[in-house]
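Participant: This is the structure I have questions about; it appears just below.
The values are calculated or read from the model by the stated rules, or taken from the named source; none is laboratory data. Quick caveat: nothing in here was measured; it's all calculated off a predicted structure. Glycine also receives a Cβ, built like all others from the backbone with ideal geometry; neighbour counts cover every protein chain displayed. Each accessible area value is taken on the protein alone, full model and side chains, heavy atoms only, with ligands, DNA and RNA left out. Shrake-Rupley method; radii C 1.70, N 1.55, O 1.52, S 1.80 Å.
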Amino acid sequence: MTMYKNFASAHWRKLIAGVAAGILLTGCAMTPNGRGGVMVGLDTAELFGTPVSTFRLRDGTEGTLRKDPQGKYSIKLSQAFRVVPLANAITARVARVENVGERTVVIVETQERGCAYRYAVLAFQGTDVLQWTVGNCKDRPRVELAADAKSLNIDFPNYNRLSRMIYTDNRLLNASVAVPPGVDTRAQPFADDALRATGPAIAAMPGSDGSGRVIPAPPAAAPAPAPAPKSNSRAAGKSRRQVAQETPAAAPARSVPSAPAAAVPAARAADSASRVPAAMSFQTEEIKPVVIDLRK
């Protein structure tokens, strides 16, 4: 009987130890400390927080955007202990997920205090993460994947040009490019919730993306002025015939020799060519990423 009790006690101790180890493993998280190291602590977002959304990586594993009880957002992969914090975010949502080259690029839309639109661009490959922060605080970007799936364009309106972020080959490049035909940089919003192009007739509504953000609506357009009333010739006291009789005869027009028919299209083409800016190769500037190894 004593041996049975000892065996049962040992079995329960092992079971409790296993459950405790499981809780510790799933409830621990490592976060950067800002000095090149990490801090190990209790993962309150995993134990008590709220999962906002999940996304799937190229290798089939999953990542989760979470919100902890203190309102802080972070991303955690299913096979890693270390998390990717989204510092200063008061709202967050996964806006776009694309496989680009060998990595999965995840664009997370956040809102910060005093900044309506801030974006975290995250490039995942296994437990290796490259992170950039972009945005002008007032517009959603238009995101377009190249036909060969080797690059991703992230376009922000910038007056009469586009501020373009180009993700390719594990790098994020910044350039200023001409506005393509059909793109209206004054459209509000510039892109929809999925970061695709929208028409200028769609108006931005506060909280329309469901993320909880509050954005003032654009001011209403001023009413068009009323058309001026047409003048009445009879009220002026003169008829058209009287006006014609009082107007002196115009001098005969001087005849001008017309240009050859073939010269007109050529002249128009030369004038159109002078209005189109010459083709030029735009320079790019690389934006350095924050490199995170989720295994450490």
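Participant: Lys and Arg at +1, Asp and Glu at -1: add these up for the other residues within a Cβ distance under 14 Å of T54 and post the number.
Facilitator: +3
Participant: While we're looking at this one, here's another question. What are the ³J(HN,Hα) values, in whole Hz, obtained from phi via the Karplus relation 6.51 cos²θ - 1.76 cosθ + 1.60 with θ = phi - 60°, for each residue of the stretch 160-168 in sequence order, with x given for Gly and Pro?
Facilitator: 9, 9, 10, 8, 10, 9, 10, 8, 7
Participant: If all Cα-Cα distances of the stretch 68-192 are sorted into 5 Å bins from 0 onward, what percent lands in each bin, rounded to whole numbers?
Facilitator: Per 5 Å bin, starting at 0, the Cα pair percentages come out as 2, 10, 20, 21, 20, 14, 7, 3, 1, 0.
Participant: In addition: Got a sec? What order do E46, E285, E109 fall in by accessible area at 1.4 Å, biggest, i.e. largest, first?
Facilitator: Reading off the accessible areas and sorting them downward yields E285, E46, E109.
Participant: Next question, about the same structure. If you take every residue apart from R96 with its C-beta less than 12 Å away from the C-beta of R96, what net charge results, scoring Lys and Arg +1 and Asp and Glu -1? Mind showing how you got there, number by number?
Facilitator: Working: positive: R93, R140, R142, R196; negative: E98, E109, E144, D192, D193.
Charge balance near R96 sits at -1.
Participant: Of K67/K138; K138/K296; K76/K150, which sit over 30 Å apart, Cα to Cα?
Facilitator: Violating the 30 Å Cα-Cα cut-off are K138/K296.
Participant: Something else: Along the positive direction of the dipole of the stretch 72-129 (beta-carbon charges: Lys, Arg +1; Asp, Glu -1; about the Cα centre), which of A92, Y119, I107 reaches farthest?
Facilitator: A92
Participant: Net charge within 14 Å of K150 by Cβ-Cβ distance, Lys/Arg positive one each and Asp/Glu negative one each, not counting K150 itself?
Facilitator: Net charge in that neighbourhood comes out at -2.
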